[in-house]
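Take a look at the structure below.
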Amino acid sequence: MNPSPSLPAPPAEDRAHSGRVGALITERIVAGGGWISFADYMDAALYAAGLGYYSAGSRKLGASGDFITAPEISPLFGAALARQAAQILRASSPEILEIGAGSGVLAATLLAELAERGSVPSRYSILEVSADLRDRQQALIHERVPHLAERVQWLEQLPDSFSGLILGNEVLDAMPVQVFEWRDGAIEELGVAIAGSGGFEWSARPAQAELAKTVERLARAHQWSTPYRAEVGVIAQAFVATVARVLTNGAALFIDYGFATREYYHPHRAMGTLRCHYRHRAHDDPFFLPGLCDITAHVDFSAIAEHATSAGLELAGFTTQAHFLINCGITELLLRTPPGDAARYLPQANAVQRLLSPAEMGELFKAIALSKGIDVPLLGFTSGDRRATL
């Protein structure tokens, strides 16, 4: 597969790795009779053991990777989040379970900040499916907070029950999605087949009953014109329902990019939200260099709220990342560095601006809190609450 002219060409070693990922996916397509769902393709490209994007050894996050997340942009993101975490821990149990901890920066920042506030959790669990990322997280935590490293444990699956804070930053967007196309009432699921060139291509089949029912409901509600292509985040929706069954007391807090249903499936958004990331460049070809590119879709927060509340959680808050961080005092935390110390203050102020600006992450990224057994208003949602939009 030839790289797009707008994207940097990978070195030979990376290209060979992508070839191995492609061979695995090809085997699965052949075994599936010439077709697999896009959710299955995305799962293999991202998570296949030892090969997928999140399972192999290349660096994914930060300046040397493919994208950068809020905790890497500024430690003040984690410091502000620690204020919300402390409130939830006081109201439930002093434990945190982070889902997909990425580089480990957020875990290290939270532990340090909570310790400074006298609210350090008795246990900080990390559910991480990537052995490579787990190794990097362990190394970073031992480097930055060695005195707290013994409180951290790694899990391979959700526990049977949990009390405290369940946290996921940019996790739901990386969960595999189904892709559909609606034309004049006909509904097809877009899967993946082997292209004549030996790569991969979209291949349509009539949608099965459950997906067809969901799309029919969406089409009626949003009055689409034809054709209309989008995604359904079935894995993320099932995941939050599982979280609801696991959480006995406390709150689940997810921060990610996405929309309420009415905006996600707006008639003008007729090509969906599927995006790929490679070397800090975004593109829309999920079949380009499988295993080397991140593949994501925006989060339908209305569906997340619906599945979580149907499974027993309470919708405790929904707002933009900007409102959430301001409510948690990020601007006050910025003033820990005197503005007169321009060399230190200005880079931090610029980073905070990136987190808060509507033109950057402040509006597109949202925070949603789902709770059980907590009856106090959550700090991060004291103003700018958008629950009514879901």
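The values are calculated or read from the model by the stated rules, or taken from the named source; none is laboratory data. Note that the structure is a prediction, hence the values are computed from the model and not measured. So basically every Cβ, Gly included, is an ideal-geometry build from the backbone, and we count neighbours across all protein chains shown. Heavy atoms of the whole protein, side chains included, go into the accessibility calculation; ligands, DNA and RNA do not. Shrake-Rupley method; radii C 1.70, N 1.55, O 1.52, S 1.80 Å.
Please say if the range 282-384 is rounded, prolate or oblate, where rounded means a/c under 1.5 for a ≥ b ≥ c the square roots of the C-alpha gyration tensor eigenvalues, and otherwise the choice is prolate for a/b larger than b/c and oblate otherwise?
Here the range 282-384 falls in the oblate category.
Apply the membrane-span-like helix rule to the chain: whole DSSP H runs, Cα extent along the own long axis of at least 15 Å, mean Kyte-Doolittle hydropathy at least 0.0. List the helices found.
75-91, 105-116, 234-246, 342-356
Once phi is turned into θ = phi - 60°, what whole-Hz ³J(HN,Hα) does the Karplus curve with 6.51, -1.76 and 1.60 give for every residue of the range 362-368, x standing for Gly and Pro?
3J(HN,Hα) across the range 362-368, in whole Hz: x, 9, 5, 7, 10, 10, 10.
Once the piece of chain linking Arg123 and Arg183 is laid out straight, how much longer is it, given 0.36 nm per residue of separation minus the C-alpha distance between them?
That pair, Arg123 and Arg183, stretches by 16.5 nm at full extension.
Sequence gap at least 6, Cα distance under 8 Å: using those rules, report the relative contact order of the chain to the nearest whole percent.
20
With a probe of 1.4 Å, find how much accessible area the range 341-390 has per residue, and write the answer as a whole number in Å².
I get 52 Å² per residue for the range 341-390.
In whole Å, how far is the Cα centre of the range 94-169 from that of the range 194-259?
A separation of 29 Å, based on Cα centres.
On average, how much accessible surface per residue is there in the range 164-219, in Å², for a 1.4 Å probe, leaving out ligands, DNA and RNA?
Accessible area per residue: 43 Å².
Distance in nm between label sites at Ala115 and Ala221, each 7 Å beyond Cα in the beta-carbon direction?
The answer from the label model is 4.5 nm.
Skipping prolines and chain starts, which residues have an amide H placed within reach, meaning under 5 Å, of the one on Ala316, given they are 5 or more residues away or on another chain?
Result for Ala316 returns Ala369, Leu370, Ser371.
Roughly speaking, what is the stretch gain from Asp375 to Arg245, that is 0.36 nm per residue apart minus the C-alpha to C-alpha distance, in nm to one decimal?
Between Asp375 and Arg245, full extension yields 44.9 nm more.
Among (i) 87, 58, 45; (ii) 60, 49, 43; (iii) 61, 44, 43, which one is Cα extents along the principal axes in Å computed from these coordinates?
Derived directly from the coordinates: (ii).
Would you mind calculating the gained length between Gln138 and Ala9 on full extension (0.36 nm times residue separation, minus the Cα-Cα distance), in nm to one decimal?
Gain on extension, Gln138 to Ala9, equals 43.3 nm.
Can you compute the helix-only [θ] at 222 nm over the chain? Use -39500 (n - 2.57) per DSSP H run of at least 4 residues, normalise by all residues, nearest 500 deg cm²/dmol.
One gets -11500 deg cm²/dmol as the mean residue ellipticity at 222 nm.
Within the range 243-257, what residues put their amide N at less than 12 Å from the label point 7 Å along the Cα-to-Cβ vector of Ser161?
Those under the cut-off are 246-249.
Sorted by mean Cβ packing within 10 Å, highest first, what order do the peptides 379-390, 301-312 take?
Packing proxy ranking, top to bottom: 301-312, 379-390.
Of Leu364, Ala351, Val376, which is farthest towards the positive pole of the range 334-386's charge dipole, taken about the Cα centre with +1 and -1 on the beta-carbons of Lys, Arg and Asp, Glu respectively?
Projecting each Cα onto the dipole axis, the largest value belongs to Ala351.
Give me the percent of accessible area attributable to carbon and sulfur for the chain, probe 1.4 angstrom.
Carbon with sulfur: 50 percent of the solvent-accessible area.
Taking θ as phi - 60°, what are the ³J(HN,Hα) couplings along the range 223-228 by the Karplus curve (6.51, -1.76, 1.60), each to the nearest whole Hz, with x for Gly and Pro?
So the Karplus estimates, Gly and Pro as x, are 6, 5, 8, 10, x, 9 Hz.
Could you tell me which of rounded, prolate or oblate describes the range 179-274, using a ≥ b ≥ c as the square roots of the eigenvalues of the alpha-carbon gyration tensor, with rounded for a/c under 1.5 and, failing that, prolate when a/b is larger than b/c and oblate otherwise?
It comes out prolate by the Cα gyration axes.
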